[in-house]
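I have placed the structure first, in the form of structure tokens, so that the comments after it can refer back to it.
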Amino acid sequence: MPDKKGSIFKKKAKEEPVDAGNLKYVGQSVKKVDGLGLATGIAGFVDDIELPNLLYAKILPSPHAHAKILSIDASKAKKLKGVKAVLTYKDLPRIAHTTAGQGYPEPSPYDTFILDNKVRYVGDRVAAVAAETEQIAEEAIKLIKVQYKVLKPVLDMEKATEKGMPIIHDEKEARTIIPLNYDPKRNIASQVKALTGNMAEGFSNADHTFENIYYAHYASHAANETHIVITYLDGQGRLVIRTSTQVPFHVRRIVAERLQLSESRVRVIKPRIGGGFGGKQEVLIEDICSALTLKTRSPVKLHYSRSEEFIASRTRHPQRIILKTGVKHDGTITAIDMDVLMNTGAYGSHALTVACNTGSKVLPLLRCENVQFKAQTVYTNLPVGGAYRGYGATQGYIAMGIQVDEMAERIGMDVCHFYKMNHIKVGETSPVFKALGEGREGVLQTIESCGLDQCIEIGATAIDWYAKKERYERQTGQIRKGVGMVALMQGSSIPDIDMGAASMKMNEDGSFNLLVGATDLGTGSDTILAQMAAEVLDVPVEKIIVYSSDTDLTPFDVGAYASSTTYLSGYAVIKTAEDIRSQIFDVAAEMLKEKKADLYVKDSAVFSKKTGKNITYQRIGLHSLYEKNQHQIASVKSHITHKSPPPFSAHFVEIELDMDTGKVKVLKYVAAIECGRAINPKLAEGQTEGGVLNGISYALTEEYIFDRQGRMLNSGFDNYKLFYPADLPEIRTILIEGYPEPTGPYGAKSVSEICINGAVPAISNAIYNAVGIRLRKPPFTPEVVYTSINK
Amino acid sequence: MIIKLIINNEEKEFTIKPGDILLDVLRREGYKGVKKGCGTGECGACAVLLNGRAVNSCLVLAAEADNSRIVTIEGIGTTEKPDPLQESFVEAGAVQCGYCTPGMIISAKALLNKKKDPTDTEIKKALDGNYCRCTGYVKIIDAVRMAVKKMKNK
């Protein structure tokens with residue numbers, strides 16, 4: 001049998017995508033490599049180790065939304081028995097930075113200090129304590145006396161840039177480290193503009209124009225494990241940071257910089273992570289905990305409470321989107337003008353890039369020559385925005401997904417047909433790809449795989465779209481039903497910026513250690529990367545021992561964000577495994593006395609095509625380490641991407657609306673997704689189901705409620721309403737196969753983010769179908785719905 | 001003070017302070033599978049079986065648990081000898097980050113100890129004190145159904 005496992009990395013893949021029939025491990029719902037350890041409770045999360053003399057850290061939060069610190073007196077706290085250290089801004093280097101865990105140079109403004117003499121939102125950190133017990137630490141922070149000069153806060157993003165508003169970042173250090181349109185004196189954290197075509201012409205060619213205002217609101221990632229870090233010194237006095245992060249290598253770089261250490265003095269370990277969803281793409285608490293360890297020379301743990309997680313970690317950036325479009329009678333879109341105002345809260349974490357993604361992950365979906373995108377991100381004295389699954393696209397699809405429904409209705413075309421007619425097709429590009437990047441120009445790309453038509457068709461059938469849509473348009477009575485849909489795209493990685501690497505070595509039993517910088521935070525990336533390595537080497541997945549993200553041991557990876565791991569790090573793993581296979585052939589050629597070119601791998605052994613002679617991996621491993629020409633079969637390879645192929649999806653929802661209470665209940669949700677080839681279908685479904693439910697609760701119940709001073713009033717699971725098992729509607733995920741991405745590892749694209757973007761627009765459209773009103777400002781709580789239908 | 005417990009069929013004695021929370025004591029004593037998600041009884045990550053009932057150990061004073069039988073996730077099964085529920089959670093794809101998994105399995109175990117063949121509604125109700133952000137619960141409910149089948153075939 002000839003070797004069918006030739007490199008899929010070279011051009012070959014472009015002409016003939018890997019035939020699914022040849023794949024043994026990829027495309028299979030292999031069990032998660034860490035699954036049983038997690039299900040038996042033995043897999044180690046950050047907090048699951050014991051360290052002698054561990055100290056507990058607590059943060060003193062600001063009670064004011066905007067205030068200058070006039071004086072801090074920590075003497076009483078320091079004197080309390082069991083207190084080992086108290087830090088205020090006076091004790092730490094004043095180095096402006098961003099907490100955004102992005103690649104260097106970060107496009108987010110440097111506007112944050114480990115501790116500062118000014119506080120900018122309720123919950124902002126004022127001081128930190130390390131003590132022998134949690135109780136002592138809590139007592140100690142109460143003993144810190146702070147005198148504030150309370151300043152007028154900025155609590156409305158729509159007024160943040162008005163004349164006379166207080167300046168939130170009046171410190172001289174606030175800046176961006178790459179040339180960007182940063183204007184803190186006007187409370188502007190970022191601004192971006194892009195234009196292709198001619199807007200006046202576009203709108204003059206339209207038969208119908210649309211203009212409406214849409215909103216996206218604050219939300220918490222609500223990962224089950226809140227932010228936690230344990231820091232300690234190793235046997236050489238180096239700082240070890242064991243942290244719940246999506247970006248271990250950025251943690252190393254950024255903490256070293258903030259604490260003026262060399263990276264060589266810092267090790268970051270990412271153990272099992274209890275969910276991230278973007279919230280842990282942030283270098284948030286590692287710095288202060290490290291500072292406490294450096295001060296006390298003791299291990300220190302800082303573990304956010306749920307309330308701190310809501311208020312003082314990161315959130316989804318709220319947005320106001322003014323969307324204008326022009327459409328012809330026949331459904332041709334002549335112009336799209338999207339104007340985004342985004343609230344980044346007190347600090348500008350991901351302030352530019354989330355706003356850019358609102359355009360760049362939404363606008364290319366629809367063919368249109370005349371497109372204008374404007375975004376302005378403003379500071380307010382409210383909780384801080386950050387990366388959140390969907391990353392701006394979630395916000396953008398609220399506007400686009402609802403307005404497309406309005407367009408289709410106006411011209412009398414079914415919205416499914418409207419999407420099929422207008423969406424970007426294989427072989428096409430969008431000027432927006434180039435116009436909008438991540439802090440710089442974007443990368444031009446052509447679509448090479450797209451199964452959106454099939455997503456729409458199969459999804460429509462699964463929900464019985466056409467019959468129900470018509471039937472629900474004419475209802476009376478208390479309980480009404482409605483269906484709604486939306487089409488979506490996202491991206492896979494940040495092209496020409498993100499890098500992922502893997503290393504691998506062979507052991508004498510024919511097993512392999514696969515070390516990746518890629519950061520499994522519950523997503524299953526360890527498993528799908530093992531599947532790819534297993535496929536190249538034709539060994540069972542159990543023979544691939546995966547270890548992820550330890551800056552001392554594994555090679556670099558930017559981390560888990562931007563829907564990049566499968567598409568980016570996957571290729572790094574394939575390249576590494578291919579190199580290992582080549583080295584295995586070298587040893588086997590010598591042992592079998594055959595030509596390397598005649599060899600192929602099959603079932604953990606090397607075979608000769610010519611003679612049929614074969615030798616097992618176990619023999620090769622043993623031979624290479626102990627017998628002759630001893631050496632370690634090992635390799636390390638890196639990968640960068642040059643495009644960001646979008647996965648596509650169509651979401652359909654059926655709802656029930658109670659006219660007497662305004663309560664909207666989701667009856668059924670169908671997510672048809674085309675993500676290229678799903679490396680592990682069950683895990684891809686799981687990503688989708690989780691994202692969908694998160695989207696549904698964002699649409700219906702999740703919201704931050706503030707008082708007039710900017711204090712969050714519902715920072716707990718008891719009054720911030722999330723969905724629990726009994727709230728679960730029927731969710732059906734349909735993976736659309738048959739559209740492998742030519743540039744993707746085994747044809748894969750991303751899957752993790754796209755799924756969260758559909759629920760708000762689909763549910764809004766379903767409410768319209770049910771009762772004929774357009775809701776453009778989620779969450780669609782009973783109060784909002786009731787008030788709107790009774791206006 | 002000293003409390004006596006039977007944890008995972010082993011008799012144990014722990015020295016505690018009167019205000020100690022059961023969750024903290026269990027974790028301190030090495031039962032790290034018991035997780036802390038909210039500390040206020042809202043997420044179920046810290047669930048254990050207390051005299052056969054699934055309870056949030058963050059809401060129980062350790063002193064209250066004196067002389068009781070406790071089962072933590074470590075007592076349900078091991079990687080060598082997993083419980084059908086643990087196997088099913090892995091096979092069904094119900095484990096993503098895995099932080100909620102021990103608590104979910106404990107709640108499911110309490111249900112299956114009482115009911116051999118629960119309906120979907122009963123499963124959802126039994127798990128309704130357990131929060132998960134990763135999975136959307138779909139595969140968690142699949143996993144419990146799968147475990148029911150496995151246990152029938154045993």
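What the table shows:
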{"read-out": "Residue identified as facing chain A (nearest Cβ under 9 Å) and in contact with a Pro (Cβ under 8 Å, 6 or more places away or on another chain) among B:Ala63, B:Ala126", "value": "B:Ala126"}
{"read-out": "Matching entry among A:Ile763, A:Ile773 (being crowded, with 22+ Cβ neighbours inside 10 Å, away from chain B (no Cβ under 13 Å) and hydrophobic (A, V, I, L, M, F, W, C))", "value": "A:Ile763"}
{"read-out": "Candidates A:Lys505, A:Lys610 - the one that is touching a helix residue (DSSP H, G or I) at 6+ places or on another chain (Cβ under 9 Å), of a type in the set (Lys, Arg) and assigned to a loop (DSSP other than H, G, I, E, B)", "value": "A:Lys610"}
{"read-out": "Exclusive hit being more than 14 Å from chain A (Cβ to nearest Cβ), out of contact with any Leu (no Cβ under 8 Å at 6 or more places or on another chain) and either acidic (Asp, Glu) or assigned to a helix (DSSP H, G or I) (or both), set B:Lys116, B:Lys149", "value": "B:Lys149"}
{"read-out": "Residues (farther than 22 Å from A:Leu70 by Cβ, free of Cβ contacts under 8 Å to residues at least 40 places away in the same chain and part of a loop (DSSP other than H, G, I, E, B)) located in region A:137-196", "value": "A:Glu162, A:Lys163, A:Gly164, A:Met165, A:Pro179, A:Asn181"}
{"read-out": "Residues that are more than 26 Å from A:Ile545 (Cα to Cα) and among the acidic types (Asp, Glu), drawn from region A:574-616", "value": "A:Glu590, A:Glu594, A:Asp598"}
{"read-out": "Filter pass, A:Asp207 being among the charged types (D, E, K, R), over 34 Å from the mean Cα position of the chain (by Cα), over 25 Å from A:Ala77 (Cβ atoms) and outside the structural domain of A:Arg776 (by TED's automatic domain parsing)", "value": "yes"}
{"read-out": "Residue under evaluation A:Glu369, criteria (1) more than 30 Å from A:Asp170 (Cα to Cα); (2) touching a strand residue (DSSP E or B) at 6+ places or on another chain (Cβ under 6 Å), criterion not met", "value": "(2)"}
{"read-out": "Wholly enclosed strands (runs of 3 or more DSSP E) of region A:282-347 bearing at least 1 residues under 30 Å from A:Ala699 (Cα atoms) and away from every other protein chain (no Cβ under 14 Å)", "value": "A:319-327, A:333-345"}
{"read-out": "Region A:579-606 residues that are within 13 Å of A:Asp538 (Cα to Cα) and without any contact (Cβ under 8 Å) to a residue 40 or more places away in the chain, paired with ones that are of a type in the set (Gly, Ala, Ser) and assigned to a loop (DSSP other than H, G, I, E, B) (beta carbon under 9 Å, 6 or more apart)", "value": "A:Ala605/A:Gly510"}
{"read-out": "Condition check for A:Gln246: of a type in the set (S, T, N, Q), in contact with a Leu (Cβ under 8 Å, 6 or more places away or on another chain) and farther than 19 Å from A:Pro299 by Cβ", "value": "yes"}
{"read-out": "Residue match in region B:96-110 (condition: touching a Pro at 6+ places or on another chain (Cβ under 6 Å) and assigned to a helix (DSSP H, G or I))", "value": "no"}
{"read-out": "Qualifying residue in region A:237-251 (condition: at negative phi and over 27 Å from the mean Cα position of the chain (by Cα))", "value": "yes"}
{"read-out": "Where B:Ala54 falls short, out of the listed (1) within 14 Å of chain A (Cβ to nearest Cβ); (2) aliphatic (A, V, I, L, M); (3) in contact (Cβ under 8 Å) with a residue 40 or more places away in the chain; (4) surrounded by fewer than 22 Cβ atoms within 10 Å (Cβ to Cβ)", "value": "(4)"}
{"read-out": "Residue that is farthest from A:Thr112 (Cα to Cα), among those in region A:243-271 that are out of contact with any helix residue (DSSP H, G or I) (no Cβ under 7 Å at 6 or more places or on another chain) and within 14 Å of another protein chain (Cβ to nearest Cβ)", "value": "A:Pro271"}
{"read-out": "Filter result for A:Ser62 (surrounded by 15 or more Cβ atoms within 10 Å (Cβ to Cβ) and farther than 17 Å from A:Leu292 by Cα)", "value": "yes"}
{"read-out": "Number of positions in region A:598-657 that are farther than 30 Å from A:Asp496 by Cβ and assigned by TED's automatic domain parsing to the domain that holds A:Glu542", "value": "36"}
{"read-out": "Positions within region A:550-565 being crowded, with 24+ Cβ neighbours inside 10 Å and outside any loop (DSSP other than H, G, I, E, B), in sequence order", "value": "A:Asp557, A:Thr565"}
{"read-out": "Residues of region A:404-428 satisfying the condition of being free of Cβ contacts under 8 Å to residues at least 24 places away in the same chain and farther than 24 Å from A:Pro761 by Cβ", "value": "A:Gly427"}
{"read-out": "Residue in region A:707-739 that is surrounded by the most Cβ atoms within 10 Å (Cβ to Cβ), counting only those that are of a type in the set (Asp, Glu) and more than 12 Å from B:Tyr137 (Cα to Cα)", "value": "A:Glu737"}
{"read-out": "Among the candidates B:Thr121, B:Thr72, residue that is at the interface with chain A (Cβ under 10 Å from one of its Cβ atoms) and under 19 Å from B:Val48 (Cβ atoms)", "value": "B:Thr72"}
{"read-out": "Tally, over region A:682-700, of residues that are more than 9 Å from every other protein chain (Cβ to nearest Cβ) and in contact with a Leu (Cβ under 7 Å, 6 or more places away or on another chain)", "value": "2"}
{"read-out": "Single unsatisfied condition, B:Leu85 versus (1) among the aliphatic types (A, V, I, L, M); (2) assigned to a helix (DSSP H, G or I); (3) away from chain A (no Cβ under 11 Å)", "value": "(3)"}
{"read-out": "Pairs, first under 15 Å from A:Thr733 (Cβ atoms) in region A:452-465, second among the hydroxyl-bearing types (Ser, Thr, Tyr), C-beta under 9 Å, six or more apart", "value": "A:Gln454/A:Tyr739; A:Cys455/A:Ser649; A:Gly459/A:Ser649; A:Ile463/A:Tyr669"}
{"read-out": "Residues satisfying the stated conditions in region A:197-225, i.e. of a type outside the set (A, V, I, L, M, F, W, C) and assigned to a strand (DSSP E or B)", "value": "A:His208, A:Thr209, A:Glu211, A:Asn212, A:Tyr214, A:Tyr215, A:Ser220"}
{"read-out": "Residues located in region A:576-613, provided they are under 14 Å from A:Ile633 (Cβ atoms) and of a type in the set (A, V, I, L, M)", "value": "A:Ala577, A:Ile580, A:Ile584, A:Val587, A:Ala588, A:Ala589, A:Met591, A:Val601, A:Val606"}
{"read-out": "Checklist (1) closer than 22 Å to B:Gly19 by Cα; (2) more than 11 Å from chain A (Cβ to nearest Cβ); (3) surrounded by 22 or more Cβ atoms within 10 Å (Cβ to Cβ) applied to B:Gly44, failing item", "value": "(2)"}
{"read-out": "Qualifying residue in region A:570-579 (condition: over 28 Å from the mean Cα position of the chain (by Cα) and farther than 30 Å from A:Arg265 by Cα)", "value": "yes"}
{"read-out": "Counted residues, region B:95-113 - those being within 15 Å of B:Arg145 (Cβ to Cβ) and more than 8 Å from chain A (Cβ to nearest Cβ)", "value": "6"}
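The values are calculated or read from the model by the stated rules, or taken from the named source; none is laboratory data. The structure presented is a predicted model; accordingly, all values stated were derived computationally and were not measured. Cβ coordinates were reconstructed from backbone atoms using ideal geometry, including for glycine residues, and neighbour counts include every protein chain displayed.
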